[in-house]
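Since the structure comes first, as structure tokens, the remarks are kept for the end.
The values are calculated or read from the model by the stated rules, or taken from the named source; none is laboratory data. All of these numbers come straight from a predicted model, not from anything done at the bench. When we count neighbours, we look across all protein chains shown, and the Cβ atoms used for this are built from the backbone with ideal geometry, even at glycine. The protein model used for the area step is the full one, side chains on, heavy atoms only, and it has no ligands, DNA or RNA in it. Shrake-Rupley method; radii C 1.70, N 1.55, O 1.52, S 1.80 Å.
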Amino acid sequence: MVDWKNPPRLFIPGPVLVKDDVLQQLARPTLGHRGKEYAQIHGETVDMLKKLLFTEQNVFISTSSASGIWEAAIRNCVAPDETVLCTMCGAFSDKWSSVAKSCGREVEELKVEWGTATTPELIDEKLASGNYAAITLVYNETSTGLTNPVCDISKMMKEKYPDVLVFVDAVSAMIGLPMHFDELGWDVAFASVQKAFAIPPGLTVAAVSNRALEKAKTVPDRGYYFDFLAWAKSAEKNQTLVTPNIPHIMALNYQCHKLVKEGMENVWKRHKEMADFVRAWAKEKFDLFCEEKYASNTLTAVKNTKGINVAKTIKAVQEKHNTVFGNGYGKLKEQTFRIAHMGDINLDDLAELLAWIDEETG
Ligand SMILES: Cc1ncc(COP(=O)(O)O)c(C=O)c1O
């Protein structure tokens, strides 16, 4: 039974710990989603998101989890007779490829070992060999704790493949890692709010380029719920196509105010400090799962070099301290464990957690 007065502290890589002041935003009285009060809050939130993502193009708020936008990017911006290149380096990037196939699109896969990065050279080689409408990239692979070199990839794409659309899953990256959407030349980038926005799950933020909307005009059968063109029409009125998750938008508005005030350079620096702290501990006590150069600033995947029983350790920390961290994902279970350091988690929280893991593992 959950003790609601003392709920577990979450250090899993999503949903992450949510502070009480943020939770309280979800309890505000509801508003009519076609009224001017809602439109004001929606418009203000989108304006702040544009600042946080460094874009003057479109930012949409979707009442769905992020997986919906995997599908939306494909269904809106890749025509049925076109091919998309899906880069794959872990569980989530792998999944995007299967989602693209399930949308009936031709998919070419570029796979690397889990824990290694997808490089501009690999993508260049693949794109040079075919005719692609778009590529999918995962900025931060949550299953392996790896950050792909998306800036270098984007630079290469702009220089050599300016007509290929770039779709980026930024689920565990957005807010925690730098993202200058317009400058990078991306077309779709998205994140659900249970990661570095530090809000309970229930909403996704998606930046969409003007050229992605132009492309969508040429793509038939885009469906209804995730139709970017219908979203853009509603956005003109500071509304959403369908009834949005209004309590979550209140919380998103609240978090955006804090982030704008803090300034993104400081937000990214804060995430890097937490990552440096956890990485130093991981290297001393265990090892990092991926090459340090690509290790993520929002979560660390620790290589279980001591052969500890990860599930047992997680259970012990939970029972003694009401705190949960993550086992390895999928095939990496027990070989790795994962610690989130994003959103409203701070260095003191992490110091406590690491000491408790030390107590269990010696
Ligand atoms: C990188 C990445 N992409 C996609 C997803 C799926 O997001 P959601 O559960 O919000 O649909 C996750 C979830 O953890 C993720 O980490």
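The residues of region 21-261 present an accessible area of 38 Å² per residue when probed at 1.4 Å with all protein chains retained. Taking the protein heavy atoms of region 21-261 in the context of the full set of protein chains, the accessible area attributed to carbon and sulfur is 52 percent at 1.4 Å. With an a/c value of 1.5 or above and a/b not larger than b/c for the gyration tensor axes a ≥ b ≥ c computed over the alpha-carbon atoms, the chain is described as oblate.
Residues in region 309-345 near a label at Glu292, defined as backbone nitrogen under 11 Å from the 7 Å Cα→Cβ point? Under cut-off, by backbone N: nothing. Karplus-based coupling profile of region 333-350, in residue order and whole Hz: 3, 6, 6, 9, 9, 10, 10, 7, 9, 9, x, 9, 5, 10, 4, 5, 4, 5, with θ = phi - 60° in 6.51 cos²θ - 1.76 cosθ + 1.60 and x standing for Gly or Pro. Of all DSSP-defined beta bridges confined to the chain, some 50% are antiparallel rather than parallel. Across region 14-28, coupling constants 3J(HN,Hα) worked out from phi with the 6.51/-1.76/1.60 Karplus curve, θ = phi - 60°, read x, x, 9, 3, 10, 6, 4, 5, 6, 4, 4, 5, 6, 9, 5 Hz, and Gly and Pro carry x.
I'd like the FRET efficiency for Tyr224 and Phe54, computed as 1/(1 + (r/R0)^6) with the beta carbon distance as r and R0 of 25 Å, rounded to 0.05. Efficiency at R0 = 25 Å is approximately 0.25. Phi-derived couplings, Karplus 6.51 cos²θ - 1.76 cosθ + 1.60 at θ = phi - 60°, listed residue by residue for region 142-149: 5, 6, 10, x, 10, 9, 6, x Hz, with x used for Gly and Pro. Between Glu82 and Glu106, the built amide H atoms are under 5 Å apart, and every one of these is 5 or more places off in sequence or on another chain. Amide H contacts under 5 Å for Thr323: Arg9, Gln318, restricted to partners 5 or more places along the chain or on a different chain, H placed in the peptide plane at 1.01 Å from N.
Please give every one of the aspartates and glutamates within straight-line cross-link reach of Lys261, meaning a C-alpha to C-alpha distance under 20 Å, and leave out same-chain neighbours fewer than 8 residues apart. Candidates past the 8-residue exclusion: Asp20, Asp21, Glu44, Asp47, Glu56, Glu273, Asp344. Summing charges over all other residues whose Cβ lies under 15 Å from the Cβ of Asn58, with Lys and Arg as +1 and Asp and Glu as -1, gives 0. Taking a sphere under 13 Å around the Cβ of Glu37 and counting the other residues whose Cβ falls inside, with K and R at +1 and D and E at -1, yields a net charge of +2. Of the cross-linked pairs Lys293/Lys331; Lys258/Lys315; Lys95/Lys331; Lys50/Lys101; Lys195/Lys233, those separated by over 25 Å at the C-alpha level are Lys258/Lys315; Lys50/Lys101; Lys195/Lys233. Relative contact order for region 104-248: 15 percent, from Cα pairs under 8 Å spaced at least 6 residues apart, divided by residue count. For region 21-261, the dipole from Cβ point charges (+1 on Lys and Arg, -1 on Asp and Glu) about the Cα centre works out to 880 debye, to the nearest 20. Which one of Val302, Cys151, Met250 has its Cα pushed farthest toward the positive end of the charge dipole of the chain, where Lys and Arg give +1 and Asp and Glu give -1 at the Cβ? It is Met250, whose Cα lies furthest towards the positive end. Once the gyration tensor of the Cα atoms in region 132-287 is diagonalised, the equivalent ellipsoid follows with semi-axes of 29, 22, 14 Å, ordered largest first. Exposed loop sites were defined as GluC sites (Glu not before Pro) in DSSP loop states (anything but H, G, I, E or B) carrying at most 12 other C-beta atoms within 10 Å; in the chain the longest segment without such a site runs 114-235. Of Ser65, Ser102, the residue with the largest accessible area leads and the full order is Ser102, Ser65 (1.4 Å probe). Electrostatic bookkeeping for Gly307 treats Lys and Arg as +1 and Asp and Glu as -1; over the other residues with beta carbon under 14 Å from its beta carbon, the sum is +2.
Pairs of Cα atoms nearer than 8 Å and 6+ residues apart set the relative contact order; for the chain it is 24 percent.
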